[in-house]
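Down below is the structure, laid out as structure tokens.
The values are calculated or read from the model by the stated rules, or taken from the named source; none is laboratory data. Here the structure is a predicted model, which means the values were calculated and not measured. Neighbour counts run over all protein chains shown; Cβ positions are idealised from the backbone, glycine included. The protein model used for the area step is the full one, side chains on, heavy atoms only, and it has no ligands, DNA or RNA in it. Shrake-Rupley method; radii C 1.70, N 1.55, O 1.52, S 1.80 Å.
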Amino acid sequence: MSSLTKDTRLHIRCDQEVRRLLDKAAAYAHMSVSEFVLRTAVEQAQTLVRQHEAVTLSSQDFAAFLDALDAPAEPAPALQRAFARHAKQVR
């Protein structure tokens, strides 16, 4: 997490049981409840975004991907026509 000036606020509401749990967890972590909640939320958010934005391939799939890069397929006729139309329009 960056140490830049914090310039926005996030307000959340919770019941007393959740608040006691957060207070206890923050105390165990030696930080304020705000720091604990923010740090935990940021870590979870980074993990979730990484899971949705990263592409993971098996060794076999990665080898197939590299082979495809080395020997790309010929463009389909429709793609060739689209390139030709584009070339005429952009002159």
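Odds and ends about this structure:
- Two-site label geometry, LYS88 and ARG9: point separation in nm, points 7 Å out along Cα→Cβ: 6.2
- Reciprocal of mean inverse Cα separation for the chain (Kirkwood radius, Å): 19.0
- Length gained on full extension, HIS30 to ALA73, computed as 0.36 nm times the residue gap minus the Cα-Cα distance: 9.7 nm.
- Between ALA63 and ARG50, the contour length at 0.36 nm per residue exceeds the alpha carbon distance by 2.4 nm.
- Surface share of carbon and sulfur [accessible, 1.4 angstrom probe, percent] for the chain: 56
- Couplings for the range 26-34, taken from phi via the Karplus curve 6.51 cos²θ - 1.76 cosθ + 1.60 with θ = phi - 60°, read 4, 5, 4, 7, 6, 8, 6, 4, 4 Hz in order; Gly and Pro are left as x.
- When the charge dipole of the chain is built from unit charges on Cβ atoms (+1 for Lys and Arg, -1 for Asp and Glu) and taken about the Cα centre, the candidate among GLN51, VAL37, ALA82 whose Cα reaches farthest toward its positive end is ALA82.
- For the chain, the solvent-accessible area with a 1.4 angstrom probe is 98 square angstrom per residue.
- Residues in the range 50-66 carry Karplus couplings, in order, of 4, 4, 8, 9, 8, 10, 10, 10, 6, 4, 5, 5, 5, 4, 5, 4, 5 Hz; the curve used is 6.51 cos²θ - 1.76 cosθ + 1.60 with θ = phi - 60°, and Gly or Pro positions show x.
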